[in-house]
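Heads up: the structure comes next, in C-alpha cells.
We did not get these values from a lab; they are worked out from the coordinates using the rules stated. This structure is a prediction, so every number in the text was calculated from the model and none was measured. Reconstructed Cβ throughout: ideal geometry from the backbone, glycine too, with neighbour counts over all protein chains shown.
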Amino acid sequence: MIETHPWAPINDDGFADLPSHDTWVSGVPYSTFKRMRDEQPVCWTKEIDGSGFWSITRYQDVVEANHRWDEFSSKNGIRLEEMDHDEIEARRTMMELDPPQHTRLRRLVNRGFTRKTVETFEEPIRDLAIEIIEKALKKTEFDFVDDVARILPMRMLGRLLGVPDKDGELLVAWGDQLLSNADPEYTDHVVDKVDTEEFRLIPFRSPAGLEVFKYAQNAASERRNSQHQDLITRMLEPTSDGQPLTDLEFNNFFTLLVAAGNDTTRYSLTEGLRALIEHPDEMQKLRDNPELIGSAVEEILRWTTVTTHFRRTATSDMHLSGQEIKEGEKVVLWWVSANYDERKFDDPYKFDICRNPNDHVTFGRNGPHLCLGAWLARMELRVTIQELLKRTSQIEITKTSEKLRSHLISGTKHLFVKTT
Ligand code: HEM
C-alpha cells in the first residue's frame, strides 16, 4: 500500500487553507484531504472573510450529494466565490441551473457531444494531433504544454463548434484569461488581487469575457446569414420551449464551452504524460500493450482530477453523513478527494493503468451536470497519447514549473521534455 501521493506537497501539514489559491501552487493538499476523510468527512471550512462552506470529501457522500441535485442546488453558483444576485443572473449558464431549466439548454448541444458523434470527428482530430506532435518533435527539447497540450484541445473543440483553426490561438488566450483568472501568468486581472468590480457582470470577472461575447455574436450572425452544419448553428435553434436562446444566454453558453474545453483537457494531458514518465513500468506496459489505452486514460483522469471541486447550495435543512447542513449553506464537492478515497479505491496513490473498476468522479457522476465534454476529452487524451508514443521510444522530463494558481483547476503550467 502506497502511503501518500508522490506529488503531495511537503508543506501540507494536514490543515491546508483550501480556499486560498496560493495553497494549490505547490500541489494538491492530499494529506489535508486524507485527514478530512478520516476524521471529519463533512467538515466546515472557514474562509478569510469569516464565512465558510461544508467540504464533502468522501466518495460516497460526493456522489450522493451530486445525485440529490434538488437538495444540493447549482442555482446560486458552482464556484467558491459568492456572487450577488445580479452577478449570478448576468453570468448564468446551464452549469448554474437545475432541471428543468438546465435541461432546456443542455438538450440543445447534448447530441453534439455523445460518444457516437464525437467518434465521427476522430479522423480529423487525429490528423490535427499528428500535425502538432510532429512539429513539436522536430525540437530536441520542448514544452509539452505550450507546444502540444495548450493548442490541441481548443483546436479539437473548434472542429465540433465550427470555428476556423486560425482562431484557435485567440480562443485559447481568452480561455486562459477566463478560467485561470487567479494566476498572474495568464491575466492582468487576478481576481483576488486587483479590483475587478468593473467586470463583475462578465464571465469570470474578466475583460476577456467581453471579447468572447463579441466573437460569439459575430459567429451567430454569420450562421444566421448562411447555412452551416455545426454546433454553433444548433445553439441558435429553438429550445424545448419553442424559443431560441436570448443573446445573453447564447453568449454565456458559448463562453462556457470556450472555458470548459480549454484548460481541463490541457492539464489532464500534461499531468497524464508526467504520470506515465514518472511511472516507467506503467509507460512500458502501455507501449507493449497499446490496447490498454482505454483504461490508461481512465486512470489518468482519476489521477489528475483537474477540476478539483464544484460548489452547491443546500435548499433545505438536511443531514449528510450525520452532519446537519442548514438551508442556504454552501457545500463543496471535492472530486479530487473522492478520487483518492481509500474506501472506494484500492491503493489510491498507486498509478495503475489497469485499474478496474475505476468509477472516478472526474467528470462528476450520477447528476444532471455530468461533464458535457467527457467523451471529447477522453478521445483527445487517447489520440494524443497514442500518437506521441508511436513516435517516441523514450520521453524524459527536463524541467517542470509550479502549478497553476487556482483552487479550481489543478495543473502543471509547463512541462519540458526531451524525446528520442
Ligand atoms: C479532462 C477534461 C475535463 C474535466 C476534468 C471536466 C470536468 C467537468 C466536471 C466535473 C463537470 C461537472 C460540473 C458540475 O457538476 O457542476 C463538467 C461539466 C461540464 N463540462 Fe467538463 N470537463 C472536462 C472537459 C470538458 C470539455 C472538453 C468540454 C467541452 C466543451 C467540457 C464542457 C463541460 C460543460 C459544458 C459542462 C457543464 C455541463 C452541465 O452543466 O450540464 N468539459 N466538466
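Conditions (1) in contact with a strand residue (DSSP E or B) (Cβ under 8 Å, 6 or more places away or on another chain); (2) basic (Lys, Arg); (3) within 12 Å of the ligand (Cβ to nearest atom); (4) under 17 Å from residue 391 (Cβ atoms), marked per residue:
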residue	(1), (2), (3), (4)
112	no, no, yes, no
125	no, no, yes, yes
130	no, no, no, yes
136	yes, no, no, yes
150	no, yes, no, no
158	no, no, yes, no
163	no, no, no, no
167	no, no, no, no
171	no, no, yes, no
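Quick check on residue 162: is it under 20 Å from the mean Cα position of the chain (by Cα) and either more than 22 Å from residue 294 (Cβ to Cβ) or hydrophobic (A, V, I, L, M, F, W, C) (or both)?
Considered against the rule, which asks whether it is under 20 Å from the mean Cα position of the chain (by Cα) and either more than 22 Å from residue 294 (Cβ to Cβ) or hydrophobic (A, V, I, L, M, F, W, C) (or both), residue 162 comes out as no.
Pick from the range 399-411 the residues that are outside any loop (DSSP other than H, G, I, E, B) and out of contact with any Asp or Glu (no Cβ under 6 Å at 6 or more places or on another chain): which of them is surrounded by the most Cβ atoms within 10 Å (Cβ to Cβ)?
403
Of the residues that sit in the range 93-105 and are within 19 Å of residue 238 (Cα to Cα) and crowded, with 19+ Cβ neighbours inside 10 Å, which one is nearest to the ligand (Cβ to nearest atom)?
Top of the filtered list is 94.
Residues to consider are 77, 50; find the one that is at positive phi and buried (at least 18 other Cβ atoms within 10 Å of the Cβ).
77
In the range 247-347, which helices (runs of 4 or more DSSP H) lie fully inside it and hold 1 or more residues that are without any contact (Cβ under 8 Å) to a residue 60 or more places away in the chain and away from the ligand (no atom under 11 Å from the Cβ)?
Once the helices (runs of 4 or more DSSP H) in the range 247-347 are filtered for at least 1 residues that are without any contact (Cβ under 8 Å) to a residue 60 or more places away in the chain and away from the ligand (no atom under 11 Å from the Cβ), what remains is 247-260, 280-288, 293-304.
Are any residues in the range 1-27 in contact with a strand residue (DSSP E or B) (Cβ under 8 Å, 6 or more places away or on another chain) and not in a helix (DSSP H, G or I), and if so, which ones?
18, 19, 27, listed by residue number.
Any residue that is of a type in the set (A, V, I, L, M, F, W, C), closer than 22 Å to residue 377 by Cα and either surrounded by fewer than 16 Cβ atoms within 10 Å (Cβ to Cβ) or touching a residue at least 12 places away in the same chain (Cβ under 8 Å) (or both) - is there at least one of those in the range 217-232?
Yes, the range 217-232 contains a residue that is of a type in the set (A, V, I, L, M, F, W, C), closer than 22 Å to residue 377 by Cα and either surrounded by fewer than 16 Cβ atoms within 10 Å (Cβ to Cβ) or touching a residue at least 12 places away in the same chain (Cβ under 8 Å) (or both).
Given (1) away from the ligand (no atom under 16 Å from the Cβ); (2) surrounded by fewer than 19 Cβ atoms within 10 Å (Cβ to Cβ); (3) more than 23 Å from residue 33 (Cα to Cα), where does residue 374 come up short, assuming only one miss?
In the conditions (1) away from the ligand (no atom under 16 Å from the Cβ); (2) surrounded by fewer than 19 Cβ atoms within 10 Å (Cβ to Cβ); (3) more than 23 Å from residue 33 (Cα to Cα), residue 374 misses (1) alone.
Here's a check for you: in the range 182-209, which residue that is more than 22 Å from the chain's Cα centre (by Cα) and within 20 Å of residue 89 (Cβ to Cβ) is surrounded by the fewest Cβ atoms within 10 Å (Cβ to Cβ)?
197
For the range 349-371, which residues satisfy the criterion of being more than 9 Å from the ligand (Cβ to nearest atom) and without any contact (Cβ under 8 Å) to a residue 60 or more places away in the chain?
357, 359
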